Amino acid sequence: MQQIFSPDSLIGVAGAGTMGSGIALVAATAGHPVVLFDPFPGSLEKAKNTLQQTHQKLVEKGKLSAEKSAAILASITYTDDLKAMAGASLVIEAIIEDLEVKKKLFRELEAILAPNAMLASNTSSLSITSIASAVKNPSSVIGIHFFNPATLMPLVEVIPGIATSTEAVQSIRNLIKSWGKVTVNAKDTPGFIVNRVARPFYGESIRIFEERWLNLPEGAAGMATIDWALKEKGGFKMGPFELMDLIGNDINYTVTETVWKQFFFDSRYRPSLTQKRMVEAGRLGRKAGIGYYDYHANATAPEPDKDPVRAEKIVRRVLAMLVNEAVDALYYQIASAEDIDLAMTKGVNYPKGLLQWCDELGAAVILEELDALQQLYAEERYRASVLLKRYAKEGLRFRH
């Protein structure tokens with residue numbers, strides 16, 4: 001029998017990092033008592049201080065009353081004892097992206113939770129089915145992928161494993177919606193929707209930077225030029241190099257490498273040596289003070305070369321790769337057309353859904369760009385989706 005959640009159901013969160021503490025705050029704000037677990041007391045103390053500071057700012061801005069803030073924060077219990085989550089109806093793990101570590105945690109949780117409790121992973125790229133293989137009742141295991149910061153980003157991907165029950169999926173979607181989030185269903189495949197479809201935004205932009213035929217300016221100025229083009233001409237809120245620095249180059253690289261390996265080393269997802277070297281050098285982005293850009297106080301921001309012709313080429317190339325990935329996700333039934341577009345607009349703030357974008361430009365236009373890249377490079381990386389070819393040939397639309 002699957003869990004039926006009530007407003008006072010106890011929610012457990014394993015992992016008190018930025019994501020875990022954010023999820024705990026989301027659940028507490030929705031009225032649930034929450035237990036936040038982390039084996040490292042220092043992490044718990046840091047999470048508690050961060051959440052208190054977050055609420056203090058909201059109170060100072062008049063967005064939250066002091067009484068309401070105190071009640072929400074008081075509903076979160078911090079513990080380094082896993083057994084403290086024994087009464088939880090749902091436990092969401094937000095720990096290190098290591099399959100064996102997650103499986104070990106799920107085995108331990110199953111041993112202390114009630115039989116009808118649910119286990120969820122916030123993994124961004126690991127298989128839910130693989131994680132669920134560690135427990136005796138895989139029907140109660142599901143993926144619940146929040147986006148950072150969890151308190152602000154509206155999207156949550158809900159990912160059933162092969163054995164996850166239909167009732168569990170609906171129960172979780174209802175619960176997450178009651179927390180004020182937008183949910184999309186995704187098949188248990190590498191990267192799910194967002195982290196699969198978004199890979200070319202980073203990978204193709206790095207590829208463009210690495211090449212000289214577009215005559216980009218050297219160093220960070222070339223990165224600034226690509227960022228400017230995709231913001232100014234593409235309508236994206238952040239450029240790819242800015243965004244990788246914000247996410248953390250170590251995190252972004254790990255997701256890319258994981259997706260690449262899980263897709264049996266498909267060249268479309270191959271990681272970049274440029275990003276690998278950045279990680280090895282400790283240039284992880286904003287959190288390290290330096291990444292693709294220098295964030296130290298005395299640093300000078302590089303000036304982009306605002307050549308409109310070059311900018312259009314950059315946008316056309318990156319967009320064609322993004323659209324192709326979205327179309328291929330639809331072809332392999334990773335999610336519905338509506339959920340794919342919703343995921344990209346709500347999960348990573350794209351200016352519009354990629355399938356809608358394809359309809360506006362025409363599938364034939366996207367195919368022409370991919371064919372030109374394929375002819376230029378003769379690489380599998382630029383192969384067009386079978387579905388894109390069909391829609392281009394027949395003049396069909398993805399959204400109606």
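Relative contact order for the range 17-125: 30 percent, from Cα pairs under 8 Å spaced at least 6 residues apart, divided by residue count.
Under 5 Å from the amide H of Glu93 lie the amide H atoms of Ala14, Ala120, Ser121, Asn122, each residue being 5 or more positions distant or on a separate chain, with H modelled from the backbone and absent for Pro and chain starts. Subtracting the Cα-Cα distance of Ser6 and Phe40 from 0.36 nm times their residue separation leaves 9.2 nm of extension gain. For the range 16-62, the square roots a ≥ b ≥ c of the C-alpha gyration tensor eigenvalues yield an a/c of 1.5 or more together with a/b not exceeding b/c, which makes the shape oblate. With the highest mean first, a sort of the peptides 332-340, 127-135 on other beta-carbon atoms found within 10 angstrom per residue produces 127-135, 332-340. Comparing Cα centroids, the range 76-93 and the range 234-279 end up 33 angstrom apart. Between the C-alpha center of the range 17-46 and that of the range 312-391 there is a gap of 37 Å. Charging the Cβ of each Asp and Glu at -1 and of each Lys and Arg at +1, and nothing else, the dipole of the range 323-400 about its Cα centre rounds to 120 debye. Taking max minus min of the alpha-carbon positions on each principal axis, the range 271-361 gives extents of 46, 31, 24 Å, largest first.
When the alpha carbon coordinates of the range 328-400 are projected onto the principal axes, the ranges are 34, 26, 22 Å, largest first.
Partners of Lys68 within straight-line reach, counting lysines whose Cα lies under 28 Å from its Cα and excluding those fewer than 8 residues away in the same chain: Lys46, Lys48, Lys57, Lys177, Lys181, Lys346. Applying 0.36 nm per residue to the separation of Ala84 and Tyr331 and subtracting their alpha-carbon distance, the gain on full extension is 84.5 nm. The alpha-carbon of Lys352 sits under 16 angstrom from the alpha-carbons of these lysines, leaving out residues fewer than 8 places away in its chain: Lys231, Lys233, Lys237. In the chain, Cα pairs under 8 Å separated by at least six residues give a relative contact order of 13 percent. Can you give the helix-only mean residue ellipticity at 222 nm for the chain, where every DSSP H stretch with n ≥ 4 adds -39500 (n - 2.57) and the sum goes over all residues, rounded to the nearest 500 deg cm²/dmol? Helix-only estimate at 222 nm: -15500 deg cm²/dmol.
Which shape class applies to the range 296-347: rounded if a/c is under 1.5, otherwise prolate when a/b exceeds b/c and oblate if not, where a ≥ b ≥ c are the square roots of the Cα gyration tensor eigenvalues? Here the range 296-347 falls in the oblate category. About its Cα centre, the dipole of the chain is roughly 360 debye, where the only charges are +1 on Lys and Arg Cβ and -1 on Asp and Glu Cβ. Of the peptides 260-272, 54-66, the ranking by mean beta-carbon count within 10 Å, highest at the top, reads 260-272, 54-66.
Protection proxy ranking, highest mean first, for peptides 40-50, 187-197: 187-197, 40-50, where packing is the per-residue count of other beta-carbon atoms within 10 Å, averaged. For the range 191-297, a crude dipole built from +1 on the beta carbon of Lys and Arg and -1 on the beta carbon of Asp and Glu, taken about the Cα centre, is about 280 debye to the nearest 20.
None of the figures in this text is laboratory data; all of them are computed from the coordinates on show. Just so you know, these numbers come straight off a predicted model, no measurement behind them. As a convention, Cβ positions derive from the backbone with ideal geometry for all residues, glycine included, and neighbour counts pool all protein chains shown.
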